[in-house]
Structure formats: C-alpha cells, structure tokens
Amino acid sequence: MKIVVAGTRGIPNIQGGVETHCEELYPRLVDLGCEVLLIRRSCYVSPSNQIESYKGIKLKDTYAPKQKGFEAFFHTFFAVFHAKKAKADILHIHAIGPSIMTPLARLLGLKVVVTHHGQDYIRQKWGKTAKFVLKTGEYLSAKYANALIVISEEINTVIKQKYKRFDANLIHNGVTIPVKSSETTYIQLLNLTPQKYIFTLGRLVKEKGFDGLIEAFTKISNKEYKLVIAGEADHPDLYSEDLKRLAKENGVVLPGFIKGEKLNELFSNAKLFVLPSFHEGLPISLLEAMSYGIDVLVSDILANLEVNLPHDYYFQCGNWDDLKNKIDCKLCKIEHIKYDLSKYNWNHIAEQTLAVYQRIMEDNSH
C-alpha cells in the first residue's frame, strides 16, 4: 500500500506537534508493510537535514515560502500532484489548513485520509482571512475526505455537531516511554540544577500562554527554582520578541528548539512540567512529560482535561494567580508518579491507522 503524506512541515527534527506525530507514526507504518512518501516543506529543511529517507520513509522536498498563511497552501497543492504522479493508494493530509486541498485530491481520483489535529482557527495568531481558510479546510475535510481521524473526543464532538459527520475515527496522539538520561552535562551548561527547575516547551506563540507562566513564576514563594521554556517561533513576531525580552528580564532560561539527548536531559531532571495553553489538540508535550513520571500542572482546557489527570493537576486557564498558587503547592511536594499511558501507545496507534487505510481500500463506493 503506497501512502503519500502531506500537511506536515517535515521530519525529522522539525518543531511541531504534527511533526512529532508523523515522525513517530510513519516508521511504524513502514514496519507494518506500507510504502510511505512524506512531502516536506523546503523552507524548514536545513542543510544538515537534506536527506532522502528516514527510517524507511521516502522524503520529498517541495517549494513552500516561509510565510505564515501561505506555506501550507503551496505545500499541499504541490503534494496533491506528487501523490497523483506517484500513483498513491492513499493521500494522508494532516491538519485542517492543508485539508482545503481535499476536494482537489478527490477530483484527481485520490483516496484521502485527513487527521484533524485541532481547531487552529481558535489560535490567536491568525487574522480573519486565515481563520476563514482554516474553517473552510475543516468543512471540506469533513465533507469530502474518505476517512477522517480525530485525535481527541473534543474534536470528534465538533465534527459531529458542526458537520453531522459521525464516522470519524478517534485515534489519539501517542508517546514513547523513554530511557531517562543519567547525564547532566547539558543542563549544567544552562546553569541548571537537577530537580530545581520548572520546565515547559512549545512554539513561542500567544496561545501557549508562556507570558502568563512567566508572570506566575516571578511571584512564586520558593526563589531557588528556575523556569525553562524550550522552543522557538516559526515566524518571529512582536509577541515572540516581547516574550524573549520578558524572559531575559526575569532570568528565564530559553534554550531554543531542542530534540534528542538535550531534551531528554531537561525532561529527566525537571521538578515540574507546566503547560499553560489556551488551545491544544491533544498535547504531545504533556504526554512526554507524563512518560518521564514528572509532576505536571496544566490549564483546564478540554484537550488537557481529556487526559484525565487528578483535580489538583489543573489550574484555571488564564488565571495566573491560580497558577502561581498551585506551582507553590507542587514545589512543596515529593511526587513519585506512574501515569497510565496505555492508550497512547504508538504501536497501537499505527495499527489503528493502518486499519483505517485498509477499510478505505476495501470500500469501492467512494
């Protein structure tokens, strides 16, 4: 079965939840017998990352201008024609923005699977035109995709209520249980002490709430702890520049976008992981923190509530005084936590995804 993948910036080692999702999912689908071609956006491919394959996945770089609101459109347009040329059995599009190309793909005779990763039009970074395009992409994927995958029950409810589509496949994001790092070389370079810092990561965009986290952090009672915010802005703007300035003024550590052993060290030695987001699909960063057995504190948005943590692991979204008070409580405790992550197993997720592909291939009515 030949699968062409579009909608992601690319893999490996490219920032983003969708990117992490694809980096974990598709090598497993290759192991299950699929032939996978993943289309990357050229503007995210660094000179050191110009490779033709990754863990059995064939990689194809296509032109995309690194310009917010345009890159996904151009990337997916070209990807549709690559899929047709490659005689793909299935085109798998990730995220609702790229899904605006679903009707074009269907007109070309392709079978299309769309994974809905979240209501991106809620995000504060988008203007009216971009939000219209994102909503249109969501509508067109719900109407025309041969199969729809949703990563959370919240998204499934949206699809049912708005578009009366009741056959979406709920397949969660996943996480790999790590081997914790015993090293501290990298965190020492950052002037950090094990178990003496609060950690978070994500793109430096407004809906992540990192400015509010810094505000709460500056008020905590125990001044021994540092705050580390890992990540970068895909498109630097006034918010990301102001955030960096605010971080510097308050002694917050900003290591930038990191992966691999450096990220392993930061997770392995953190006292607390905080996710203050206003919007998420199903946050892989939270699942990663849980896989390390770290104590976590997250905003009470529906996507985070769906993970079903104990009540005191949540704070009121946007209430920075509540966040400050709960950080104080968390830092006073010694937690030895084992989370149940059985439903977030990537091998099982790959098998579920393959079953969706197989159903489409067997269904000749579309």
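Taking the stretch 176-250 as the region of interest, the helices (runs of 4 or more DSSP H) fully inside it that hold 3 or more residues being within 17 Å of F273 (Cα to Cα) and at pLDDT 95 or above are 210-217.
Taking first residues from the stretch 12-31 that are in contact (Cβ under 8 Å) with a residue 60 or more places away in the chain and partners that are of a type in the set (K, R) and not in a helix (DSSP H, G or I), the Cβ contacts under 6 Å between residues at least 6 apart in sequence or on separate chains come to N13/K259; G16/R9. Filtering V18, V30, V80 for residues that are surrounded by fewer than 24 Cβ atoms within 10 Å (Cβ to Cβ) and modelled with pLDDT of 95 or more leaves a single hit, V30.
Can you tell me which residues in the stretch 43-69 are polar (S, T, N, Q) and loosely packed, with under 14 Cβ neighbours inside 10 Å? Steps first, please.
Here is the first cut: in the stretch 43-69, the ones polar (S, T, N, Q) are 46, 48-50, 53, 62, 67.
Listed by number, the residues that qualify are S46, S48, Q50, S53, Q67.
Against the list (1) among the acidic types (D, E); (2) under 20 Å from the mean Cα position of the chain (by Cα); (3) more than 22 Å from I122 (Cβ to Cβ), the condition E71 fails is (3).
The values are calculated or read from the model by the stated rules, or taken from the named source; none is laboratory data. Since this is a predicted model, take the numbers as computed values, not measurements. Please note: Cβ atoms are built from the backbone with ideal geometry, for glycine as well, and neighbour counts cover all protein chains shown.
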